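Some notes on the structure that comes next.
The values are calculated or read from the model by the stated rules, or taken from the named source; none is laboratory data. Values in this document were obtained by computation on a predicted structure and should not be read as measured data. Don't worry about glycine lacking a Cβ; one is built from the backbone with ideal geometry, like all the others, and counts go over all protein chains shown.
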Amino acid sequence: MAEYFPGVSKIEFGGPKSKNPLEFKHYNADEVVAGKTMRDHLRFSVAYWHTFTNPLSDPFGVGTAKRPWDDGTTGVAGAINRVRGAFEFMEKLGVPFYAFHDRDVAPEGKTLKESHANLDAIAKVLKEEQARTGIKLLWGTANLFSNPRYMHGAATSPNFDAFAFAGAQVKKALEVTHELGGAGYTFWGGREGYSTLYNTDIKREIDHLGRFLHMAVDYKKQIGFQGTFYIEPKPKEPTKHQYDSDAAACLNFLRSYDLTSHFKLNIEANHATLAGHEMMHELEVAVAADALGSIDANTGDPMLGWDTDQFPTNIYLTAQCMLVILKMGGFSTGGINFDAKVRRESFEPIDLFHAHIGGMDAFARGLKIAHAIREDGRLAAFVAERYSSWNGDLARKVESGKATLADLEAYIAPKGEAAANPSGRQEMLENLINEFI
Ligand code: XUL
Ligand code: CO
């Protein structure tokens, strides 16, 4: 078999003092932190679409990416070469998972039938490579946004045939994900939103999305797929307004359509930013609803303001993510999927290694920092103390739904005024976090 990255051997842990760009400085897969190996805490995944399929084009220019398997072979044969290259890359990097859309791994055919056959042919090779390397599928998904048939949306399209095509595509993608032992399946509503309200019936579109997801749940049961279903929030791009705009909107949608027990959220860092939230906010909102499933790890550029999908290198971001994930008790089926791409100028194969090594190191540091903050205990103690007035009898009655407004009046009236408020100590807490960074 051809070797596509001949100059690169397995990426090893070199330690914080290493100056080798092809060594991990912080990610040490077997190192145990808080009772678990880093590998099991972080459950890293490579995004097939960005790392292996994306040509690195932008609206102003063609793709620049040089990919070693790309010798001009097209169709299924070209896609098979890419699978081999992808698994060589992931094996050398040492990641346990990957994620894909149907159309990233296999080319779309002229008909649905042909597309299904192409996907089947590639799934066979994916299965073979998974068995050879032990690398697993974190989640699969269907691309319901690139083909022009989905210009008005897929599950929310006014064109019923587009809706039907999307259903058939999801059915197949679910079968393939199941066949490959996927730990999950993600629904990101690519064009499920609108560009103008003048031509849009919001109520009907959202109802259709609810029906669509119920049909997916039914089919999941029918084929016995045990993986987790995720919804991935994003507020805009490509549409002006996406229905799954943020974690709160997704949770509200899931509750309205009686889908909460069937879905968790896959929270993406740069989507949070685009929604005007911090990633930590989105994660906390999801955890509060017992709905945090997985993470798409990336970052945006505040100077640019669109979905730049850059690799995460900011230690505050990764430490905040890991604080929430450790608090939740860790991932079950989810993981940290690098939904990130190298810059158009970083077109060489070796850049793919640098990018992933950097992201993995940033999260490894985030994990260690978050664990140290939790061990130290001052942050959690401060929060517990801040709410300590809720430990009294009446407050407990309120929390358990057993108190009335009259009870509140009877309690507070004799006091005449509420107890004085303590300081929120934001600056002190920010300094505390900096002790660990
Ligand atoms: C788009 C995005 C997608 C989903 C999968 O912004 O994040 O790649 O993660 O469809
Ligand atoms: Co994503």
ask   = How do the pairs read when you match residues in region 35-53 that are at pLDDT 95 or above with residues anywhere that are part of a loop (DSSP other than H, G, I, E, B) and β-branched (Val, Ile, Thr), using Cβ under 6 Å and keeping only pairs 6 or more apart or on different chains?
value = Phe44/Val95; Val46/Val95
ask   = Out of all the residues in region 324-355, which are within 16 Å of ligand 2 (Cβ to nearest atom) and in contact with a Gly (Cβ under 7 Å, 6 or more places away or on another chain)?
value = Gly334, Phe338, Ala340
request  = List every residue pair whose Cβ atoms lie under 9 Å apart, where the two residues are 6 or more positions apart in sequence or sit on different chains, the first residue falls within region 85-103 and is under 13 Å from Ala131 (Cα atoms), and the second residue, located anywhere, is basic (Lys, Arg).
outcome  = Phe87/Arg132; Glu91/Lys10; Glu91/Arg132; Pro96/Arg39; Pro96/Arg43; Pro96/Lys136; Phe97/Arg43; Phe97/Lys136
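Which of the following residues is assigned by TED's automatic domain parsing to the domain that holds Cys250, part of a loop (DSSP other than H, G, I, E, B), in contact with a helix residue (DSSP H, G or I) (Cβ under 7 Å, 6 or more places away or on another chain) and crowded, with 18+ Cβ neighbours inside 10 Å: Ala154, Ala173, Ala99, Ala123?
Among Ala154, Ala173, Ala99, Ala123, only Ala154 is assigned by TED's automatic domain parsing to the domain that holds Cys250, part of a loop (DSSP other than H, G, I, E, B), in contact with a helix residue (DSSP H, G or I) (Cβ under 7 Å, 6 or more places away or on another chain) and crowded, with 18+ Cβ neighbours inside 10 Å.
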note = Picking from Asp351, Asp361, Asp339, the residue that is in contact (Cβ under 8 Å) with a residue 12 or more places away in the chain, under 22 Å from Asp307 (Cα atoms) and in the same structural domain as Thr186 (by TED's automatic domain parsing) would be Asp339
inquiry  = Could you tell me how many of the residues in region 236-271 are touching a Leu at 6+ places or on another chain (Cβ under 8 Å) and aliphatic (A, V, I, L, M)?
reply    = 6
ask   = With Gly94, Gly15 as the choices, which residue is surrounded by fewer than 18 Cβ atoms within 10 Å (Cβ to Cβ) and out of contact with any Lys or Arg (no Cβ under 6 Å at 6 or more places or on another chain)?
value = Gly15
query = How many of the residues in region 334-365 are more than 16 Å from ligand 1 (Cβ to nearest atom), in a loop (DSSP other than H, G, I, E, B) and farther than 17 Å from Thr299 by Cα?
reply = 3
inquiry  = Just to be sure I understand the filter: pairs with C-beta atoms under 7 Å, separated by 6 or more residues or on different chains, first member in region 183-197 and modelled with pLDDT of 95 or more, second member part of a strand (DSSP E or B) and of a type in the set (A, V, I, L, M). Which pairs pass?
reply    = Ala183/Leu137; Ala183/Leu138; Gly184/Leu138; Phe187/Ile231
inquiry  = Could you go through region 131-144 and let me know if any residue there is of a type in the set (Gly, Ala, Ser) and in a helix (DSSP H, G or I).
reply    = yes
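Each row is one residue, and each column tells you yes or no for (1) out of contact with any Asp or Glu (no Cβ under 8 Å at 6 or more places or on another chain); (2) not polar (S, T, N, Q).
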residue	(1), (2)
Arg344	no, yes
Phe347	yes, yes
His356	yes, yes
Ile369	yes, yes
Gly377	yes, yes
Asn391	yes, no
inquiry  = Suppose we filter region 410-425 for residues that are surrounded by fewer than 10 Cβ atoms within 10 Å (Cβ to Cβ) and either in a helix (DSSP H, G or I) or assigned by TED's automatic domain parsing to the domain that holds Leu323 (or both); how many remain?
reply    = 3
query = Is it true that Val83 is crowded, with 21+ Cβ neighbours inside 10 Å and in contact with an Asp or Glu (Cβ under 8 Å, 6 or more places away or on another chain)?
reply = yes
inquiry  = I need the full set of residues from region 1-34 which are farther than 29 Å from Asp102 by Cα and modelled with pLDDT under 95, in order please.
reply    = Gly7
task = With respect to Phe263, determine if the residue is within 16 Å of ligand 2 (Cβ to nearest atom) and over 20 Å from Val324 (Cβ atoms).
result = no
task = Name the single residue, out of those in region 220-232 being more than 17 Å from Leu254 (Cβ to Cβ) and under 23 Å from the mean Cα position of the chain (by Cα), that is nearest to ligand 1 (Cβ to nearest atom).
result = Gly227
task = Name the one entry in Val32, Val62 that is under 22 Å from Pro349 (Cβ atoms), in the same structural domain as Gly329 (by TED's automatic domain parsing) and of a type in the set (A, V, I, L, M, F, W, C).
result = Val62
task = Output the residue which, of all residues in region 294-329 that are buried (at least 16 other Cβ atoms within 10 Å of the Cβ) and among the small types (Gly, Ala, Ser), is farthest from Ile437 (Cα to Cα).
result = Ser294
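To keep it simple, each residue is scored yes or no on (1) away from ligand 1 (no atom under 16 Å from the Cβ); (2) of a type in the set (A, V, I, L, M); (3) at negative phi.
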{"site": "Arg82", "(1), (2), (3)": "yes, no, yes"}
{"site": "Gly94", "(1), (2), (3)": "yes, no, no"}
{"site": "Lys127", "(1), (2), (3)": "yes, no, yes"}
{"site": "Tyr150", "(1), (2), (3)": "no, no, yes"}
{"site": "Ser157", "(1), (2), (3)": "yes, no, yes"}
{"site": "Phe163", "(1), (2), (3)": "yes, no, yes"}
{"site": "Leu174", "(1), (2), (3)": "no, yes, yes"}
ask   = From Lys264, Lys240, which residue is under 20 Å from Tyr194 (Cα atoms) and within 16 Å of ligand 1 (Cβ to nearest atom)?
value = Lys240
